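Okay, so here's the structure we're looking at.
Rule-based calculations on the coordinates, nothing more; no lab input. Fair warning: this is a prediction, and the values are worked out from it, not measured in the lab. As a convention, Cβ positions derive from the backbone with ideal geometry for all residues, glycine included, and neighbour counts pool all protein chains shown.
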Amino acid sequence: MSTPRTIDLVVIPEGPRPAGPNRDRPAPPRPRTWRRALRRDWQLYSLAILPLLFFAIFRYLPMLGNVIAFRRFVPGGNIFGERWVGLRYIRLFLSDPAFWDVFTNTLLIGVLTLVFTFPLPVVLALLLNEVRTRYLKRFVQSVSYLPHFLSIVIVAAMLFQLLSIDGVINQMVRFVGGDSIPFLQRSDWFRTVYVSSEVWQTVGWGTILYLAALTTIDTDLYEAAAIDGANRWRQTWHVTLPGIRPTMVTLLILNLGTFMTVGFEKILLIYNPLTYPTGDVIATYLYRVGIVSGSFSYAAAIGLFEALIALTLVVSANAISRRAVGTSIW
Amino acid sequence: MVTIDSGLKDLRAARPRRIRLSKGYRVFQVVNGIVLTAVVVLTLYPFINIVARSFSEEAYIIAGKVNLVPRGFDLRAYRLVLNDELFWTSYRNTVVYTFVSTLIAITLTTCFAYVLAKKHLKGRNALIGIAVFTLVFQPGLIPNYVLVTSLGLKNTIWAVALPNAINVFNLLVMKTFFENLPVELEEAAAVDGLNTYGILLRIVLPLSKAVIATMVLFYAVTFWNSWFGAFLYMDRLDLFPVTVYLRNLLAGATGADFMGSAPGDVVQSAATIQAVTIVLTVVPILAVYPFVQRFFVTGVLLGAVKG
């Protein structure tokens with residue numbers, strides 16, 4: 001892929017440049033031919049060799065490796081499979097009731113996670129923003145960021161401890177007169193456990209970008225709103241929320257990108273055959289089918305399907321938000 | 001000068017007071033205080049509970065009597081875990097994996113970010129596109145597994161270090177940082193006869209200590225916390241990092257059987273042993289957390305400017 005010639009001939013600043021020391025000075029002209037570019041910048045290009053090898057081997061090769069969804073694959077054989085089988089594996093999973101079960105589970109867990117983990121950081125950021133004592137605000141922030149730094153295994157291990165029959169949650173259940181509940185063995189509790197632990201992990205860290213966006217809102221707007229007779233609630237509604245809307249939209253689009261994979265690693269750690277009916281999601285299902293049982297092509301077909309849904313979600317969310325609110329990530 | 005400064009300070013201090021504090025707003029402040037206290041308590045409660053369990057006698061735990069304070073103070077579980085050779089092997093593995101993986105990751109990321117920051121470079125947009133496209137369309141688990149297996153990386157450190165060597169978000173953060181360095185310095189160095197490598201090593205890197213430190217932390221925490229790569233690509237007990245060691249304890253406790261082959265699974269672990277292992281795994285993170293937290297916040301904000 002080469003850049004258009006016109007850009008090589010005339011030095012046109014490419015779009016808005018980031019503010020910085022080089023703002024005022026034109027970049028050296030782009031060389032016209034590859035030979036001249038290579039002669040002048042070969043040392044720069046040489047620095048890119050290893051990173052490019054990384055992308056080629058560990059990103060693009062497996063991307064192409066997805067063709068095994070349409071080919072017969074023998075473990076230990078060619079990573080691109082042996083021969084074409086067409087849409088056999090696609091048809092196989094589309095007619096597999098087990099697949100549709102995990103598909104529904106994925107959608108449910110994804111939607112629930114989004115509904116709780118997306119707005120709560122906004123709320124927490126707004127509350128933190130009202131704290132007038134700097135020292136207290138810092139303290140709450142530092143504490144609430146902490147779960148973000150824990151390994152998912154630690155989080156799972158803590159869940160096992162807290163939710164066990166002898167754990168604190170059941171102590172409280174018994175205190176209010178209920179019977180102990182084996183939370184992690186009950187499929188009707190799985191979603192609650194998953195989503196609330198997800199909130200615990202992400203709510204604090206999620207406030208960072210909002211808090212930064214809140215500081216950029218012009219204080220004159222609040223004064224103007226106050227003069228117009230807006231109370232605190234109306235100020236929040238008409239000044240603060242529109243001020244952080246671009247951040248919210250961007251994060252929502254990014255969240256949609258990981259919507260289909262959900263918290264795969266955490267589910268893998270905390271689910272068990274008893275909780276499969278609600279806890280098994282596409283990612284865990286394809287892990288069991290593909291890696292545990294060795295049906296690589298079948299699992300690759302599911303994975304490809306999942307990736308395509310994720311891609312569609314992000315692209316369409318981006319397009320909708322560009323038209324509706326004028327914010328997009330590309 | 002002093003008077004102006006203190007005058008400004010007075011103004012700033014006076015500002016919140018100028019906003020009329022209605023009764024409703026004062027009620028809100030109280031409610032807000034209660035909510036934020038609840039956030040702090042809910043975040044810290046699990047940690048305190050698990051520390052309490054780790055120091056308690058097994059009988060009290062089974063009876064469901066351990067809450068915030070250890071009951072029947074008992075260090076036997078600590079002694080058991082600390083005397084377990086496998087625990088130390090796993091810990092050493094974690095340290096080695098984290099160190100090597102971070103070293104590779106920071107080297108590759110820095111080199112590529114530096115190249116991408118050079119606006120005059122022919123083919124720059126294509127290079128950026130190659131990196132960014134992998135964010136939008138990610139290769140799935142199965143092709144990755146097939147690839148790593150067929151490259152013969154199973155049961156080697158490379159299976160965990162190489163597949164995640166460049167994080168594109170980190171790459172973009174560094175690229176933005178390099179773009180904003182003053183070009184004059186590099187030009188002067190070039191006039192003095194330094195080549196590209198010399199400029200990068202002697203001029204650019206010393207100016208980028210802060211951003212490199214942040215990136216090293218980002219990578220190191222990710223690698224320290226990771227478990228799935230090792231779980232997937234390693235099947236010998238003495239190769240597992242401490243996260244997988246802990247996972248095997250949990251799997252033993254639930255009786256769940258994901259990978260029948262892992263021998264750790266059959267261990268029926270006591271609740272105290274689990275609690276102790278959690279505490280010992282978390283301690284290093286908690287120890288460095290207060291010092292590194294602000295770097296992370298800066299790093300996230302740097303990335304957001306571009307992202």
### Query
If you build a Gaussian network model of chain B, linking Cα atoms that sit under 10 Å apart, which residue out of B:LYS122, B:LYS65, B:LYS209 swings the most?
B:LYS122
### Task
Starting at the first residue of the stretch A:82-96, write each ³J(HN,Hα) from the Karplus equation 6.51 cos²θ - 1.76 cosθ + 1.60 with θ = phi - 60°, in whole Hz, x for Gly and Pro.
9, 8, 5, 10, x, 8, 3, 6, 4, 4, 4, 7, 5, 9, 9
### Query
Long-range amide H contacts for A:ARG71: which residues qualify at under 5 Å (H placed 1.01 Å from N, peptide plane, sequence gap of 5 or more or a different chain)?
A:VAL85
### Sequence-distant residues sharing a close amide H with A:SER328 (under 5 Å, placed H)
none
### Query
Which stretch or stretches of the stretch B:102-129 have amide N atoms under 18 Å from the point lying 7 Å from A:ARG32's Cα along the Cα→Cβ direction?
B:121-123
## Note on the structure
Within 10 Å of the Cβ of an average residue in A:211-222, the count of other chain Cβ atoms is 1
### Burial order of peptide ranges A:213-221, A:241-249 (average beta-carbon count within 10 Å, highest first)
A:241-249, A:213-221
### Message
Looking at chain B as a GNM with Cα springs under 10 Å, which of B:PRO284, B:PRO163, B:PRO241 has the largest mean-square fluctuation?
### Response
B:PRO284
### Query
Under a Cβ-Cβ cut-off of 12 Å, what is the net charge of the residues other than B:VAL66 that fall near it, where Lys and Arg count +1 and Asp and Glu count -1?
-1
### Query
All other residues with a Cβ under 14 Å from the Cβ of A:PRO147 taken together, and with Lys, Arg as +1 and Asp, Glu as -1, what is their net charge?
0
### Query
Picking from A:SER197, A:SER293, A:SER144, which is most flexible by a Gaussian network model of chain A using Cα springs under 10 Å?
A:SER293
### Task
Over 49 Å, how big is the tail of the calculated P(r) for the protein assembly as shown, in percent of all Cα pairs?
18 percent
### Message
Cut-off 12 Å, label point 7 angstrom out along Cα-to-Cβ of B:ASP238: give me the residues of the stretch B:151-173 whose amide nitrogen falls inside.
### Response
none
## Note on the structure
A:THR240 neighbourhood, Cβ < 13 Å, K/R = +1, D/E = -1, net charge +1
### Query
Dividing the convex hull volume of the Cα atoms of the stretch A:90-324 by its residue count, what figure in Å³ per residue is obtained?
162 Å³
#### Entry: Modelled FRET efficiency - R0 45 Å, A:GLN43 with A:ALA319, Cβ distances, 0.05 increments
0.65
### Query
Can you give the average number of partner chain beta-carbon atoms within 10 Å of each beta-carbon in peptide A:39-45, as a whole number?
5
### Query
Got a sec to turn the phi values of the stretch A:38-44 into Karplus ³J(HN,Hα) couplings, 6.51 cos²θ - 1.76 cosθ + 1.60 with θ = phi - 60°, whole Hz, x for Gly and Pro?
5, 5, 6, 10, 4, 5, 5
### Query
Roughly what would the spin-label model give for B:ALA213 and B:VAL136, points 7 Å off Cα along C-beta, in nm?
3.7 nm
#### Entry: Nearest-0.05 FRET efficiency for A:ASP228 and B:ASN155, computed from C-beta distance (R0 60 Å)
0.30
### Query
For the residue pair A:GLU130 and A:LEU221, what label-to-label distance in nm results when each label sits 7 Å from Cα along the Cα-to-beta-carbon direction?
1.9 nm
### Query
In nm, to one decimal, how far is the modelled label at A:VAL74 from the one at B:VAL288, with both set 7 Å along Cα→Cβ?
4.7 nm
### Query
A:HIS238 to A:SER196: FRET efficiency via 1/(1 + (r/R0)^6), r the Cβ-Cβ distance, R0 30 Å, to the nearest 0.05?
0.40
### Task
Step through the residues of the stretch B:184-195 one at a time and calculate ³J(HN,Hα) from phi using the Karplus curve (6.51 cos²θ - 1.76 cosθ + 1.60, θ = phi - 60°), rounding each to whole Hz and writing x for Gly and Pro.
4, 4, 5, 5, 4, 5, 5, 4, 6, x, 7, 8
### Task
Could you pull out every residue, at least 5 positions away or on a different chain, whose amide H is within less than 5 Å of the one on B:LEU181? Hs are placed 1.01 Å off N in the peptide plane, and Pro or chain starts have none.
none
### Query
Relative contact order, percent, of chain B when contacts are C-alpha pairs under 8 Å separated by at least 6 residues?
25 percent
### Summary
Averaged over residues of A:315-327, the number of beta carbons from other chains lying within 10 Å of each residue's Cβ is 0
### Query
Across all directions of projection, what mean area in square nanometres is found for the Cα convex hull of chain B?
26.0 nm²
